[in-house]
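All remarks here apply to the structure that follows.
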Amino acid sequence: MTAPRTGGRWIERWDPEDDTFWKETGRRTARRNLLYSVLSEHVGFSIWSLWSVMVLFMGPGYGIDPAGKFTLIATATFVGALVRVPYTFAVARFGGRNWTVFSALMLLAPTVAALVVMEPGTSYGTFLLVAALTGVGGGNFASSMTNINAFFPLREKGWALGLNAGGGNMGVPVVQLAGLLVIGTAGAGHPRLLLAAYLPLIVIAAASAAARMDNLAPVRNDTGAVREAVRDAHTWIMSFLYVGTFGSFIGYSFAFGLVLQTQFGRTPLQAASLTFIGPLLGSLIRPVGGRLADRYGGARITLGTFVAMAAATGLVVLASVRSSLPVFLTGFVALFVLSGLGNGSTYKMIPGIFQAKALARGMDGEAAAAYGRRLSGAAMGLIGAVGALGGLGINLVFREAFLSSGTGTTAFVTFLGFYAVCCAVTWAVYLRRPAAQAGPAPDAAAKPQLTTV
(Lines give C-alpha, C1' and ligand atoms only; values in the text may rest on other atoms or scores of the structure.)
Protein backbone atom coordinates (compact mmCIF):
# COMPACT_ATOMS: atom_id res chain seq x y z
CA MET A 1 0.00 0.00 0.00
CA THR A 2 2.88 2.38 0.63
CA ALA A 3 5.89 3.31 -1.41
CA PRO A 4 8.77 5.55 -0.44
CA ARG A 5 9.29 8.97 -1.99
CA THR A 6 11.69 11.73 -1.26
CA GLY A 7 10.70 13.55 1.90
CA GLY A 8 8.67 10.94 3.73
CA ARG A 9 6.28 7.98 3.70
CA TRP A 10 3.78 8.07 0.84
CA ILE A 11 0.65 6.02 0.15
CA GLU A 12 0.28 5.61 -3.59
CA ARG A 13 -3.24 4.17 -3.70
CA TRP A 14 -6.01 5.58 -1.52
CA ASP A 15 -9.69 4.81 -2.15
CA PRO A 16 -11.71 5.12 1.08
CA GLU A 17 -15.01 4.88 -0.82
CA ASP A 18 -14.11 1.25 -1.68
CA ASP A 19 -15.69 -0.72 1.19
CA THR A 20 -13.22 -3.60 0.95
CA PHE A 21 -10.21 -1.31 0.93
CA TRP A 22 -11.65 0.73 3.81
CA LYS A 23 -12.38 -2.28 6.01
CA GLU A 24 -9.10 -4.06 5.35
CA THR A 25 -6.56 -1.23 5.55
CA GLY A 26 -8.11 2.20 5.07
CA ARG A 27 -9.96 2.71 8.36
CA ARG A 28 -6.99 1.75 10.51
CA THR A 29 -4.62 4.01 8.59
CA ALA A 30 -7.04 6.94 8.52
CA ARG A 31 -7.74 6.78 12.24
CA ARG A 32 -4.06 6.60 13.05
CA ASN A 33 -3.43 9.74 11.00
CA LEU A 34 -6.43 11.42 12.62
CA LEU A 35 -5.08 10.78 16.11
CA TYR A 36 -1.72 12.42 15.46
CA SER A 37 -3.29 15.19 13.42
CA VAL A 38 -5.46 16.10 16.42
CA LEU A 39 -2.37 16.20 18.65
CA SER A 40 -0.51 18.56 16.33
CA GLU A 41 -3.52 20.80 15.73
CA HIS A 42 -4.28 20.93 19.45
CA VAL A 43 -0.78 22.18 20.27
CA GLY A 44 -1.02 24.62 17.35
CA PHE A 45 -4.20 26.17 18.73
CA SER A 46 -2.54 26.48 22.15
CA ILE A 47 0.39 28.40 20.70
CA TRP A 48 -1.90 30.57 18.55
CA SER A 49 -3.88 31.59 21.65
CA LEU A 50 -0.75 31.95 23.80
CA TRP A 51 -1.01 35.73 24.13
CA SER A 52 -4.51 35.49 25.56
CA VAL A 53 -2.64 34.05 28.55
CA MET A 54 0.62 36.01 28.34
CA VAL A 55 -1.22 39.33 28.80
CA LEU A 56 -2.48 38.07 32.17
CA PHE A 57 1.14 37.86 33.31
CA MET A 58 1.92 41.40 32.13
CA GLY A 59 1.51 43.55 35.23
CA PRO A 60 2.29 47.27 35.68
CA GLY A 61 6.00 46.61 35.33
CA TYR A 62 5.57 45.91 31.63
CA GLY A 63 4.17 49.40 31.02
CA ILE A 64 1.53 48.25 28.52
CA ASP A 65 -2.03 49.58 28.78
CA PRO A 66 -5.17 47.53 27.94
CA ALA A 67 -5.30 48.90 24.38
CA GLY A 68 -1.73 47.76 23.81
CA LYS A 69 -2.53 44.30 25.13
CA PHE A 70 -5.53 43.99 22.82
CA THR A 71 -3.22 44.91 19.95
CA LEU A 72 -0.88 42.06 20.87
CA ILE A 73 -3.79 39.62 20.83
CA ALA A 74 -5.15 41.05 17.57
CA THR A 75 -1.74 40.70 15.91
CA ALA A 76 -1.62 36.98 16.66
CA THR A 77 -5.18 36.59 15.40
CA PHE A 78 -4.46 38.46 12.16
CA VAL A 79 -1.37 36.46 11.23
CA GLY A 80 -3.12 33.20 12.11
CA ALA A 81 -5.96 34.07 9.74
CA LEU A 82 -3.64 34.99 6.88
CA VAL A 83 -1.52 31.84 7.01
CA ARG A 84 -4.60 29.61 6.81
CA VAL A 85 -4.79 30.10 3.05
CA PRO A 86 -1.29 28.82 2.15
CA TYR A 87 -1.50 26.15 4.84
CA THR A 88 -4.69 24.82 3.20
CA PHE A 89 -2.89 24.10 -0.06
CA ALA A 90 0.46 23.04 1.43
CA VAL A 91 -0.85 19.54 2.16
CA ALA A 92 -1.21 18.66 -1.53
CA ARG A 93 2.11 20.28 -2.37
CA PHE A 94 4.27 18.69 0.32
CA GLY A 95 2.21 15.81 1.76
CA GLY A 96 0.05 15.69 4.88
CA ARG A 97 2.63 13.96 7.05
CA ASN A 98 5.51 16.13 5.88
CA TRP A 99 3.59 19.36 6.38
CA THR A 100 2.33 18.29 9.81
CA VAL A 101 5.90 17.67 10.94
CA PHE A 102 7.09 21.00 9.52
CA SER A 103 4.16 23.03 10.87
CA ALA A 104 4.56 21.47 14.32
CA LEU A 105 8.27 22.29 14.42
CA MET A 106 7.44 25.85 13.34
CA LEU A 107 5.69 26.27 16.69
CA LEU A 108 9.09 26.21 18.38
CA ALA A 109 9.92 29.65 16.94
CA PRO A 110 7.21 31.69 18.71
CA THR A 111 7.48 29.64 21.89
CA VAL A 112 11.25 30.03 22.22
CA ALA A 113 11.01 33.70 21.25
CA ALA A 114 8.41 34.36 23.95
CA LEU A 115 10.54 32.43 26.45
CA VAL A 116 13.45 34.79 25.73
CA VAL A 117 11.60 38.15 25.76
CA MET A 118 8.85 37.64 28.37
CA GLU A 119 10.02 40.04 31.05
CA PRO A 120 9.51 43.71 32.04
CA GLY A 121 11.69 46.11 30.07
CA THR A 122 11.28 44.38 26.72
CA SER A 123 10.22 46.83 24.02
CA TYR A 124 6.62 46.81 22.84
CA GLY A 125 7.75 46.31 19.25
CA THR A 126 9.51 43.09 20.28
CA PHE A 127 6.34 41.82 21.93
CA LEU A 128 4.39 42.63 18.74
CA LEU A 129 6.86 40.64 16.64
CA VAL A 130 6.70 37.63 18.93
CA ALA A 131 2.90 37.80 19.03
CA ALA A 132 2.89 37.79 15.22
CA LEU A 133 5.03 34.65 15.22
CA THR A 134 2.40 32.77 17.22
CA GLY A 135 0.06 33.17 14.24
CA VAL A 136 1.67 30.12 12.64
CA GLY A 137 -0.31 28.05 15.12
CA GLY A 138 -3.53 29.30 13.53
CA GLY A 139 -2.54 27.83 10.19
CA ASN A 140 -2.33 24.31 11.62
CA PHE A 141 -6.13 24.07 11.68
CA ALA A 142 -6.46 24.64 7.93
CA SER A 143 -3.81 22.14 6.89
CA SER A 144 -4.99 19.56 9.42
CA MET A 145 -8.60 19.73 8.25
CA THR A 146 -7.57 19.55 4.59
CA ASN A 147 -5.40 16.53 5.27
CA ILE A 148 -7.94 14.57 7.31
CA ASN A 149 -10.69 15.38 4.81
CA ALA A 150 -8.73 13.40 2.21
CA PHE A 151 -8.34 10.32 4.43
CA PHE A 152 -11.99 9.55 5.20
CA PRO A 153 -14.94 8.40 3.07
CA LEU A 154 -17.82 10.81 2.65
CA ARG A 155 -20.03 8.88 5.10
CA GLU A 156 -17.48 9.41 7.92
CA LYS A 157 -16.15 12.89 7.17
CA GLY A 158 -18.52 14.61 9.57
CA TRP A 159 -17.40 12.51 12.50
CA ALA A 160 -13.70 12.67 11.60
CA LEU A 161 -13.53 16.38 10.88
CA GLY A 162 -15.72 17.21 13.86
CA LEU A 163 -13.35 15.31 16.13
CA ASN A 164 -10.34 16.90 14.45
CA ALA A 165 -11.75 20.43 14.80
CA GLY A 166 -12.98 19.92 18.36
CA GLY A 167 -9.68 18.44 19.48
CA GLY A 168 -7.84 21.36 17.95
CA ASN A 169 -10.12 24.00 19.46
CA MET A 170 -9.55 22.42 22.87
CA GLY A 171 -6.02 23.79 22.71
CA VAL A 172 -7.45 27.20 23.68
CA PRO A 173 -8.93 26.24 27.08
CA VAL A 174 -6.04 23.88 27.79
CA VAL A 175 -3.38 26.60 27.50
CA GLN A 176 -5.60 28.86 29.61
CA LEU A 177 -5.91 26.16 32.26
CA ALA A 178 -2.16 25.70 32.16
CA GLY A 179 -1.75 29.44 32.65
CA LEU A 180 -4.11 29.27 35.63
CA LEU A 181 -1.99 26.49 37.11
CA VAL A 182 1.19 28.54 36.78
CA ILE A 183 -0.36 31.71 38.20
CA GLY A 184 -2.01 29.79 41.04
CA THR A 185 1.14 27.96 42.07
CA ALA A 186 4.14 30.08 41.08
CA GLY A 187 2.50 33.50 40.69
CA ALA A 188 2.03 35.95 37.82
CA GLY A 189 5.75 36.67 37.72
CA HIS A 190 6.69 33.34 36.12
CA PRO A 191 5.28 33.15 32.56
CA ARG A 192 8.36 31.25 31.40
CA LEU A 193 7.19 28.14 33.26
CA LEU A 194 4.17 27.90 30.94
CA LEU A 195 6.28 28.49 27.83
CA ALA A 196 8.87 25.91 28.87
CA ALA A 197 6.16 23.31 29.41
CA TYR A 198 5.07 23.58 25.78
CA LEU A 199 8.51 22.98 24.27
CA PRO A 200 8.50 19.20 24.85
CA LEU A 201 4.86 18.98 23.75
CA ILE A 202 5.76 20.57 20.41
CA VAL A 203 8.64 18.14 19.91
CA ILE A 204 6.40 15.19 20.82
CA ALA A 205 3.75 16.32 18.31
CA ALA A 206 6.31 16.67 15.51
CA ALA A 207 8.06 13.38 16.31
CA SER A 208 4.75 11.51 16.53
CA ALA A 209 3.65 12.86 13.15
CA ALA A 210 6.97 11.87 11.61
CA ALA A 211 6.76 8.36 12.98
CA ARG A 212 3.07 7.58 12.60
CA MET A 213 1.50 9.69 9.83
CA ASP A 214 1.40 9.24 6.06
CA ASN A 215 1.33 11.32 2.88
CA LEU A 216 -1.36 10.64 0.27
CA ALA A 217 0.04 10.65 -3.26
CA PRO A 218 -3.41 10.92 -4.95
CA VAL A 219 -4.09 14.28 -3.29
CA ARG A 220 -3.32 17.10 -5.67
CA ASN A 221 -4.14 20.78 -5.71
CA ASP A 222 -7.07 21.63 -7.95
CA THR A 223 -6.41 25.22 -8.98
CA GLY A 224 -9.53 25.22 -11.15
CA ALA A 225 -11.68 24.46 -8.11
CA VAL A 226 -10.00 27.27 -6.18
CA ARG A 227 -10.71 29.77 -8.95
CA GLU A 228 -14.31 28.61 -9.20
CA ALA A 229 -14.79 28.82 -5.44
CA VAL A 230 -13.38 32.36 -5.38
CA ARG A 231 -15.86 33.43 -8.05
CA ASP A 232 -18.85 31.87 -6.29
CA ALA A 233 -20.87 34.28 -4.17
CA HIS A 234 -21.73 31.57 -1.63
CA THR A 235 -18.05 31.25 -0.68
CA TRP A 236 -18.06 34.85 0.51
CA ILE A 237 -21.52 34.71 2.06
CA MET A 238 -20.48 31.69 4.13
CA SER A 239 -17.21 33.45 4.96
CA PHE A 240 -19.23 36.34 6.38
CA LEU A 241 -21.37 33.98 8.47
CA TYR A 242 -18.26 32.14 9.68
CA VAL A 243 -16.88 35.49 10.85
CA GLY A 244 -19.91 35.60 13.14
CA THR A 245 -19.40 32.08 14.51
CA PHE A 246 -15.72 31.10 14.52
CA GLY A 247 -14.58 34.72 14.54
CA SER A 248 -16.61 35.22 17.70
CA PHE A 249 -15.24 32.04 19.27
CA ILE A 250 -11.57 32.83 18.68
CA GLY A 251 -11.93 36.57 19.30
CA TYR A 252 -13.71 36.12 22.62
CA SER A 253 -11.30 33.33 23.59
CA PHE A 254 -8.36 35.68 23.16
CA ALA A 255 -10.02 38.70 24.82
CA PHE A 256 -12.06 37.21 27.69
CA GLY A 257 -9.39 37.29 30.39
CA LEU A 258 -8.22 40.77 29.48
CA VAL A 259 -11.79 42.12 29.59
CA LEU A 260 -12.23 40.62 33.05
CA GLN A 261 -9.02 42.27 34.24
CA THR A 262 -9.64 45.63 32.63
CA GLN A 263 -13.37 46.19 33.11
CA PHE A 264 -14.10 44.18 36.24
CA GLY A 265 -10.82 44.57 38.09
CA ARG A 266 -10.06 40.85 38.37
CA THR A 267 -6.56 39.82 39.40
CA PRO A 268 -4.55 37.62 37.01
CA LEU A 269 -5.46 34.55 39.08
CA GLN A 270 -9.15 35.47 39.22
CA ALA A 271 -9.26 36.13 35.47
CA ALA A 272 -7.37 32.94 34.62
CA SER A 273 -9.75 30.90 36.78
CA LEU A 274 -12.65 31.98 34.55
CA THR A 275 -11.26 32.38 31.03
CA PHE A 276 -11.05 28.68 30.13
CA ILE A 277 -14.74 27.91 30.83
CA GLY A 278 -16.19 29.54 27.72
CA PRO A 279 -13.67 28.16 25.18
CA LEU A 280 -13.97 24.71 26.75
CA LEU A 281 -17.75 24.62 26.39
CA GLY A 282 -17.59 26.14 22.90
CA SER A 283 -15.13 23.45 21.77
CA LEU A 284 -17.11 20.57 23.25
CA ILE A 285 -20.42 21.66 21.75
CA ARG A 286 -19.20 22.18 18.17
CA PRO A 287 -20.13 18.62 17.07
CA VAL A 288 -23.62 19.15 18.55
CA GLY A 289 -24.17 22.07 16.20
CA GLY A 290 -23.32 19.83 13.28
CA ARG A 291 -25.59 17.07 14.50
CA LEU A 292 -28.48 19.51 14.92
CA ALA A 293 -27.81 20.80 11.41
CA ASP A 294 -27.98 17.22 10.12
CA ARG A 295 -31.44 16.85 11.59
CA TYR A 296 -33.09 20.24 11.23
CA GLY A 297 -31.18 22.02 8.46
CA GLY A 298 -27.94 23.96 8.61
CA ALA A 299 -29.49 27.33 7.76
CA ARG A 300 -32.19 26.97 10.40
CA ILE A 301 -29.71 26.13 13.14
CA THR A 302 -27.38 28.91 12.02
CA LEU A 303 -30.20 31.47 12.06
CA GLY A 304 -31.35 30.31 15.48
CA THR A 305 -27.78 30.53 16.72
CA PHE A 306 -27.37 34.13 15.57
CA VAL A 307 -30.70 35.13 17.12
CA ALA A 308 -29.59 33.60 20.42
CA MET A 309 -26.15 35.24 20.15
CA ALA A 310 -27.84 38.61 19.70
CA ALA A 311 -29.93 37.97 22.83
CA ALA A 312 -26.85 36.89 24.82
CA THR A 313 -24.99 39.99 23.65
CA GLY A 314 -27.90 42.14 24.85
CA LEU A 315 -27.48 40.53 28.26
CA VAL A 316 -23.75 41.31 28.18
CA VAL A 317 -24.46 44.95 27.31
CA LEU A 318 -26.81 45.18 30.29
CA ALA A 319 -24.21 43.61 32.58
CA SER A 320 -21.51 45.93 31.25
CA VAL A 321 -23.61 49.03 31.91
CA ARG A 322 -24.53 47.86 35.41
CA SER A 323 -21.06 46.42 36.19
CA SER A 324 -22.63 43.08 37.15
CA LEU A 325 -19.99 40.37 36.92
CA PRO A 326 -22.37 37.38 37.46
CA VAL A 327 -24.69 38.54 34.66
CA PHE A 328 -21.71 39.34 32.45
CA LEU A 329 -20.27 35.86 32.92
CA THR A 330 -23.64 34.26 32.17
CA GLY A 331 -24.03 36.17 28.92
CA PHE A 332 -20.42 35.78 27.84
CA VAL A 333 -20.29 32.02 28.45
CA ALA A 334 -23.56 31.72 26.52
CA LEU A 335 -21.84 33.48 23.61
CA PHE A 336 -19.09 30.86 23.65
CA VAL A 337 -21.58 27.98 23.66
CA LEU A 338 -23.63 29.51 20.86
CA SER A 339 -20.58 30.31 18.74
CA GLY A 340 -19.54 26.66 19.10
CA LEU A 341 -22.96 25.54 17.89
CA GLY A 342 -22.71 27.94 14.98
CA ASN A 343 -19.24 26.69 14.07
CA GLY A 344 -20.72 23.25 13.56
CA SER A 345 -23.83 24.33 11.66
CA THR A 346 -22.10 26.76 9.28
CA TYR A 347 -19.43 24.26 8.26
CA LYS A 348 -22.13 21.64 7.76
CA MET A 349 -23.83 23.95 5.26
CA ILE A 350 -20.87 24.36 2.90
CA PRO A 351 -20.83 21.03 1.00
CA GLY A 352 -24.61 20.94 0.75
CA ILE A 353 -24.68 24.41 -0.78
CA PHE A 354 -22.37 23.39 -3.61
CA GLN A 355 -24.09 20.06 -4.14
CA ALA A 356 -27.47 21.78 -4.33
CA LYS A 357 -26.06 24.12 -6.99
CA ALA A 358 -24.89 21.09 -8.94
CA LEU A 359 -28.32 19.45 -8.74
CA ALA A 360 -29.91 22.69 -9.92
CA ARG A 361 -27.62 22.56 -12.96
CA GLY A 362 -28.93 19.11 -13.87
CA MET A 363 -26.12 16.92 -12.53
CA ASP A 364 -27.11 13.51 -11.19
CA GLY A 365 -26.56 12.35 -7.61
CA GLU A 366 -22.99 11.03 -7.88
CA ALA A 367 -21.78 13.83 -10.14
CA ALA A 368 -23.41 16.42 -7.88
CA ALA A 369 -21.79 14.88 -4.80
CA ALA A 370 -18.36 14.92 -6.47
CA TYR A 371 -18.86 18.55 -7.49
CA GLY A 372 -19.89 19.44 -3.95
CA ARG A 373 -16.79 17.77 -2.47
CA ARG A 374 -14.49 19.46 -4.98
CA LEU A 375 -15.82 22.99 -4.54
CA SER A 376 -16.40 22.78 -0.80
CA GLY A 377 -12.86 21.53 -0.23
CA ALA A 378 -11.46 24.53 -2.10
CA ALA A 379 -13.86 26.96 -0.40
CA MET A 380 -13.17 25.77 3.15
CA GLY A 381 -9.66 27.19 3.27
CA LEU A 382 -10.89 30.60 2.18
CA ILE A 383 -13.89 30.51 4.52
CA GLY A 384 -11.72 29.45 7.45
CA ALA A 385 -9.23 32.25 6.80
CA VAL A 386 -11.87 34.97 6.49
CA GLY A 387 -13.72 33.61 9.53
CA ALA A 388 -10.59 33.83 11.63
CA LEU A 389 -10.29 37.49 10.70
CA GLY A 390 -13.43 37.98 12.78
CA GLY A 391 -11.25 37.38 15.82
CA LEU A 392 -9.05 40.25 14.70
CA GLY A 393 -12.11 42.48 14.34
CA ILE A 394 -13.35 41.64 17.81
CA ASN A 395 -10.05 42.52 19.43
CA LEU A 396 -9.70 45.75 17.47
CA VAL A 397 -13.22 46.80 18.45
CA PHE A 398 -12.42 46.03 22.09
CA ARG A 399 -9.23 48.06 21.80
CA GLU A 400 -11.07 51.12 20.52
CA ALA A 401 -13.82 50.76 23.12
CA PHE A 402 -11.41 50.68 26.04
CA LEU A 403 -9.35 53.52 24.55
CA SER A 404 -12.37 55.78 24.21
CA SER A 405 -14.48 54.90 27.25
CA GLY A 406 -12.57 52.53 29.51
CA THR A 407 -15.26 49.84 29.19
CA GLY A 408 -16.31 47.30 26.59
CA THR A 409 -19.94 48.46 26.37
CA THR A 410 -19.66 50.10 22.94
CA ALA A 411 -17.87 47.01 21.64
CA PHE A 412 -20.72 44.75 22.74
CA VAL A 413 -23.27 47.08 21.13
CA THR A 414 -21.27 46.80 17.89
CA PHE A 415 -21.30 43.00 18.11
CA LEU A 416 -25.05 43.05 18.70
CA GLY A 417 -25.56 44.98 15.47
CA PHE A 418 -23.30 42.57 13.59
CA TYR A 419 -25.26 39.51 14.76
CA ALA A 420 -28.46 41.22 13.61
CA VAL A 421 -26.93 41.55 10.13
CA CYS A 422 -25.89 37.88 10.21
CA CYS A 423 -29.49 36.93 11.03
CA ALA A 424 -30.76 38.96 8.08
CA VAL A 425 -28.23 37.48 5.65
CA THR A 426 -28.90 33.89 6.72
CA TRP A 427 -32.64 34.33 6.39
CA ALA A 428 -32.53 36.26 3.11
CA VAL A 429 -30.11 33.97 1.29
CA TYR A 430 -30.83 30.49 2.64
CA LEU A 431 -34.33 30.50 4.10
CA ARG A 432 -36.52 33.18 2.50
CA ARG A 433 -36.51 32.05 -1.13
CA PRO A 434 -37.35 28.61 -2.56
CA ALA A 435 -34.42 26.39 -3.47
CA ALA A 436 -34.92 26.98 -7.17
CA GLN A 437 -34.32 30.69 -6.67
CA ALA A 438 -31.88 30.77 -3.79
CA GLY A 439 -29.68 27.88 -4.91
CA PRO A 440 -29.19 25.52 -1.95
CA ALA A 441 -32.16 24.45 0.09
CA PRO A 442 -31.61 24.67 3.84
CA ASP A 443 -32.21 20.97 4.32
CA ALA A 444 -29.80 20.13 1.50
CA ALA A 445 -27.06 21.81 3.46
CA ALA A 446 -27.81 19.56 6.39
CA LYS A 447 -28.07 16.03 5.00
CA PRO A 448 -25.54 13.75 6.67
CA GLN A 449 -24.30 12.35 3.38
CA LEU A 450 -23.35 15.87 2.27
CA THR A 451 -21.40 16.68 5.39
CA THR A 452 -17.67 17.38 5.40
CA VAL A 453 -17.42 18.98 8.84
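Here is how the numbers come out for the structure above:
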read-out: Portion, in percent, of the accessible area of the stretch 1-135 that falls on carbon or sulfur, probe 1.4 Å; value: 64
read-out: Segment Ser405-Ala186, length gained on full extension (0.36 nm per residue, minus Cα span); value: 75.4 nm
read-out: Per-selection metrics, the stretch 224-341 (Cα): Rg and Dmax in Å; value: 16.4, 54
read-out: Using a Förster distance of 25 Å, the FRET efficiency for Leu431-Val321 (Cβ separation, nearest 0.05); value: 0.15
read-out: Cut-off 15 Å between beta-carbons: net charge of the residues surrounding Pro120, Lys and Arg +1, Asp and Glu -1; value: 0
read-out: Cα pair count fraction exceeding 23 Å, expressed as % - the stretch 40-129; value: 30
read-out: Stretchable slack from Leu281 to Glu119, in nm (0.36 nm times residue separation minus alpha-carbon distance); value: 55.1 nm
read-out: Dipole magnitude (debye, nearest 20) for the chain, charges at Cβ of Lys, Arg, Asp, Glu; value: 400
read-out: Spatially near lysine pairs across the chain, Cα under 18 Å, sequence gap of 8 or more or different chains; value: 6
read-out: Pair Val421, Thr25: separation of 7 Å Cα→Cβ label points (nm); value: 5.2
read-out: Heavy-atom surface of the chain, accessible at 1.4 Å and reported per residue (Å²); value: 36
read-out: Fraction of accessible area attributable to carbon and sulfur, the stretch 312-398 (%, probe 1.4 Å); value: 66
read-out: Residue-averaged 222 nm ellipticity for the chain, from DSSP H runs of 4+ at -39500 (n - 2.57), nearest 500; value: -26000 deg cm²/dmol
read-out: Rounded percent of accessible protein surface that carbon and sulfur make up, the stretch 204-273, 1.4 Å probe; value: 59
read-out: Among 298-307, 282-291, the order from most to least packed when residues are scored by Cβ within 10 Å on average; value: 298-307, 282-291
read-out: In range of the label at Arg220: residues from the stretch 70-99 whose backbone nitrogen is under 15 Å from the point 7 Å along Cα→Cβ; value: 92-95
read-out: Virtual spin-label span in nm between Ala109 and Leu129, 7 Å along Cα→Cβ; value: 1.3
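The values are calculated or read from the model by the stated rules, or taken from the named source; none is laboratory data. Every value quoted in this text rests on a predicted model; they were computed, and no experiment measured them. Methodologically, a virtual Cβ is constructed for each residue, glycine included, from the backbone with ideal geometry; neighbour enumeration extends over all protein chains shown. Surface accessibility is based on the protein's heavy atoms, side chains included, excluding ligands, DNA and RNA. Shrake-Rupley method; radii C 1.70, N 1.55, O 1.52, S 1.80 Å.
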